[in-house]
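Data first, discussion second: the structure below is written as structure tokens.
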Amino acid sequence: MADKESGLGITVKKEDDMPEWYQQVCLKSELAEYSTVKGCMIIKPNGYAIWENIQKTFDAMIKKHGVRNAYFPLLIPEKFFKMEKEHAEGFNPEVAWLDKAVTGGERLAIRPTSETIIYDSYSRWVRSYRDLPLKINQWCNVVRWETEATKLFLRSREFLWQEGHCVYETEDECEKDTIYYLNLYKKFIEEFLAIPIMEGKKTDKEKFSGAYKTYSIEAIMPDGKSIQAGTSHNLGQNFAKAFNIKFLDQNEKEKFAWQNSWGISTRLIGALVMTHSDDKGLVLPPKIAPNRVAIIPIAFEKNKKVLEKAQDIFRELSKHDPILDDRENLTAGFKFHDLELKGIPLRIEIGPKDLEKKEVVLVRRDTGTKKSIKISEIKTQVDKELETIQKDLFEKAKKRTFEKLVQSENLNEVIKFIKERKIILIPLKNSKDVEDTLKEKTGGAKTLNIPFSQPQIKNKKCIISGEPADYWVYVGKSY
């Protein structure tokens, strides 16, 4: 909570008012702030450093799979959107346009997603089966004119993301890779962000506009709402036919290509904040934290050897990008609160008495637990402590996620569970009308995804229509 000495800190509890708590954590830990441009946000250095770590880590993972980075224009000709009808209809409400009076020619869209501008290039790049598979990714910004009520990292008109766009010779190869990228997202988010993931397939109503199939990863937040943390779309041949992406196969026969697209965004930072942070401020898993360790020399103004030893430790722990907080005008108490607010995973305290005993004190940000260790063992002990923090944060989040999951075949019970902020696995018919009715009756809940591991569906009835159900699907409220 708020630091009495400084008057700073979080002034509401997470369990009492999560929206206000979340906003305060983002603002006061200096991750982001609201822009004077309506619907937009400013990502400050603390927040952007997290995004850089996400980008650096995931970029290395996809490059091992043969993906290369490129960059395509921000502005997209209107005629490109019209070439794939379903895609155009799905994105039309969100597109920001530059009219002809501005462009001096055709109307241009500000990129809401890049399928169309990229696939125009692919129609020229792909000629033979020898050109395939083509695996391209870009890190960029997108604009979707969907909101004025900005929620930092969760919903804004402009946000940052990566979008992968691949082209294949066969349907099997395309489907295999589409699932591969979904699983890669799950691996990355669970291992580095310590957020447990539910993977599955989107219903036809919720799939990406223009896609053949859409798969998603969903993260369940402490308030029982879901965040769509990433998606991977098997686009089939829809865009290939619209943009004339053809190749000559090994038998010299002309065929349309198969394609997928997949993406994650700065929304992951919002999920990170909500999942792990507490009433003292930000909590970051060590693997994604820009600075994993903070070193606080205490009373060093009176004992220069304390500062010298702190500097030695700073150099020794350089691989953890440590912070040495040697600000002379602030008390140790203020520094502790400040570093807790900003989520540094591990704090190292050293004062004159510690120096006499050749020890330091390690303080975990996630639990607040303290322990003294020998300075001679600091490298080993810090490594071990950071590894434990990473594991414990994931296990805590995993336990909380499982507590939110229930199963039901009764609509009244589902309505009750929604009010209790649960995520419910229900039998449902694959129907837009059924999903619209579900949303209406539950006060805003919608389908999240169809889990790959399905309970027995034979003889199960759709809880809305009473007709035979097509699958079990998770439903709940979402960000």
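Are there strands (runs of 3 or more DSSP E) fully within the range 383-479 with at least 2 residues that are of a type in the set (A, V, I, L, M) and more than 30 Å from R364 (Cβ to Cβ)? List them. Even if it seems obvious, please write down each step before you answer.
Details: elements: 405-407, 423-428, 471-476.
Those strands (runs of 3 or more DSSP E) span 423-428, 471-476.
Only one residue in E218, E163, E199 is under 23 Å from I118 (Cβ atoms), buried (at least 19 other Cβ atoms within 10 Å of the Cβ), touching a residue at least 12 places away in the same chain (Cβ under 8 Å) and within 14 Å of the chain's Cα centre (by Cα). Which one?
Sole residue among the options that is under 23 Å from I118 (Cβ atoms), buried (at least 19 other Cβ atoms within 10 Å of the Cβ), touching a residue at least 12 places away in the same chain (Cβ under 8 Å) and within 14 Å of the chain's Cα centre (by Cα): E163.
Any chance the range 25-32 includes a residue that's in the same structural domain as A96 (by TED's automatic domain parsing), within 26 Å of D321 (Cα to Cα), in a strand (DSSP E or B) and touching a helix residue (DSSP H, G or I) at 6+ places or on another chain (Cβ under 6 Å)?
Within the range 25-32, the first condition is being in the same structural domain as A96 (by TED's automatic domain parsing), and the residues that meet it are 25-32.
Checking which are within 26 Å of D321 (Cα to Cα) leaves us with 25-32.
Then keep just the ones that are in a strand (DSSP E or B); that gives 32.
Subsequent filtering for residues that are touching a helix residue (DSSP H, G or I) at 6+ places or on another chain (Cβ under 6 Å) retains 32.
Among the residues of the range 25-32, at least one is in the same structural domain as A96 (by TED's automatic domain parsing), within 26 Å of D321 (Cα to Cα), in a strand (DSSP E or B) and touching a helix residue (DSSP H, G or I) at 6+ places or on another chain (Cβ under 6 Å), which makes the answer yes.
Within the range 68-121, track down each residue that is modelled with pLDDT under 90, more than 22 Å from K207 (Cα to Cα) and among the hydrophobic types (A, V, I, L, M, F, W, C).
Answer for the range 68-121, where residues must be modelled with pLDDT under 90, more than 22 Å from K207 (Cα to Cα) and among the hydrophobic types (A, V, I, L, M, F, W, C): just A101.
Which helices (runs of 4 or more DSSP H) does the range 221-323 wholly contain that include 3 or more residues that are touching a residue at least 12 places away in the same chain (Cβ under 8 Å) and under 25 Å from the mean Cα position of the chain (by Cα)?
The helices (runs of 4 or more DSSP H) meeting that bar are 267-276.
Any idea how many residues of the range 272-294 are of a type outside the set (K, R) and either surrounded by fewer than 22 Cβ atoms within 10 Å (Cβ to Cβ) or closer than 18 Å to I136 by Cβ (or both)? Before you say what the answer is, go through the steps one by one.
Our first condition is that a residue be of a type outside the set (K, R); within the range 272-294, this holds for 272-279, 281-286, 288-291, 293-294.
Still in the list and also either surrounded by fewer than 22 Cβ atoms within 10 Å (Cβ to Cβ) or closer than 18 Å to I136 by Cβ (or both): 278-279, 290-291.
Residues that pass the stated criteria total 4.
Looking at E33, is it at pLDDT 95 or above, more than 10 Å from L152 (Cβ to Cβ) and charged (D, E, K, R)? Working first, answer last.
Working: at pLDDT 95 or above: yes; more than 10 Å from L152 (Cβ to Cβ): no; charged (D, E, K, R): yes.
No; evaluated as a whole, the condition is false for this residue.
Inside the range 25-42, can you point out the residues that are crowded, with 20+ Cβ neighbours inside 10 Å and not hydroxyl-bearing (S, T, Y)? Break it down into steps so the answer makes sense when it comes.
Start the filter on the range 25-42 by keeping residues that are crowded, with 20+ Cβ neighbours inside 10 Å, which leaves 25-26, 29, 31-32, 41.
Within the range 25-42, V25, C26, L31, A32, M41 qualify.
Go through the range 147-196 and give me each residue that's among the acidic types (D, E) and under 22 Å from Q23 (Cβ atoms).
E148, E158
The values are calculated or read from the model by the stated rules, or taken from the named source; none is laboratory data. Remember, it's a predicted structure, so these values are computed and weren't measured experimentally. Ideal geometry is used to build each Cβ from the backbone, glycine not excepted, and the neighbour counts take in all protein chains shown.
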